[in-house]
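Pasting in a structure now, in structure tokens, and then I'll have a few things to ask.
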Amino acid sequence: MSAHRGLTLVLAVALLTVGLATGAAPAAAAPTAPALLTPAPNASVTLPFGISWSAASDPSGVYAYNWQVSSTTTFSKVLQQGSTMGALQDTVSGLAAGAYYWRVQGVRNNFVQGSWSAPRAVRVTGAGAGAPATPRSTSPEGARTSIPGSRSG
């Protein structure tokens, strides 16, 4: 056995012994990042719209999935987020028309969070048929409106 291999073996045994003596368990890998399925990259959608992804892989099992929507690819400002209890899809609503990004992560049975998927772009064009419209304030025709404390003419 070479001196280099002998030193490596001694260090490996020493690290294992120290870990066992202190009760430290070896770090387990987190769930893999799910692959995003729908909507397609850069798709134009109306609200509400569904998102779906493939299952993350983890030997101990995946308990849940977290998802986020942001207006930036860095997710420095998360506009919406949600979780599913193992379901591979969810519904997004309540966004204004515009460009967004979404991503998903798996969560292991012991609540260890996996890596986030790569972000995917989506463009919201408005509300779909049957979706509630954006509320608007209107006055009856011919009615006068005034703001308390202001002068009206």
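The values are calculated or read from the model by the stated rules, or taken from the named source; none is laboratory data. All of these numbers come straight from a predicted model, not from anything done at the bench. Cβ: placed from backbone, ideal geometry, glycine included. Neighbour counts: every protein chain shown. Just the protein is used for accessible areas: all its heavy atoms, side chains included, with ligands, DNA and RNA removed. Shrake-Rupley method; radii C 1.70, N 1.55, O 1.52, S 1.80 Å.
So in segment 120-143, with the set limited to residues that are surrounded by 12 or more Cβ atoms within 10 Å (Cβ to Cβ) and part of a loop (DSSP other than H, G, I, E, B), which one is modelled with the highest pLDDT?
By that ranking, first place goes to GLY128.
Under the condition of being in a loop (DSSP other than H, G, I, E, B), at pLDDT below 95 and not small (Gly, Ala, Ser), which residue from segment 32-72 is nearest to the chain's Cα centre (by Cα)?
My answer is ASP58.
Can you pull out every residue in segment 87-102 that is of a type outside the set (Asp, Glu) and either touching an Asp or Glu at 6+ places or on another chain (Cβ under 9 Å) or not in a loop (DSSP other than H, G, I, E, B) (or both)?
Going through segment 87-102, the residues of a type outside the set (Asp, Glu) turn out to be 87-89, 91-102.
Of everything in segment 87-102, those that are of a type outside the set (Asp, Glu) and either touching an Asp or Glu at 6+ places or on another chain (Cβ under 9 Å) or not in a loop (DSSP other than H, G, I, E, B) (or both) turn out to be GLN89, THR91, VAL92, GLY98, ALA99, TYR100, TYR101, TRP102.
Sticking with this structure for a sec: Restricting to segment 92-119, what's the tally of residues that are free of Cβ contacts under 8 Å to residues at least 60 places away in the same chain, open to solvent by 10 Å² or more (accessible area, probe 1.4 Å) and on the phi < 0 side of the Ramachandran plot?
10
Applying the selection to segment 37-57, what residues are open to solvent by 20 Å² or more (accessible area, probe 1.4 Å), over 18 Å from VAL92 (Cβ atoms) and in contact with a Ser or Thr (Cβ under 7 Å, 6 or more places away or on another chain)?
SER57
Taking segment 72-91, which residues are open to solvent by less than 60 Å² (accessible area, probe 1.4 Å) and of a type in the set (Ser, Thr, Tyr)?
THR72, THR84
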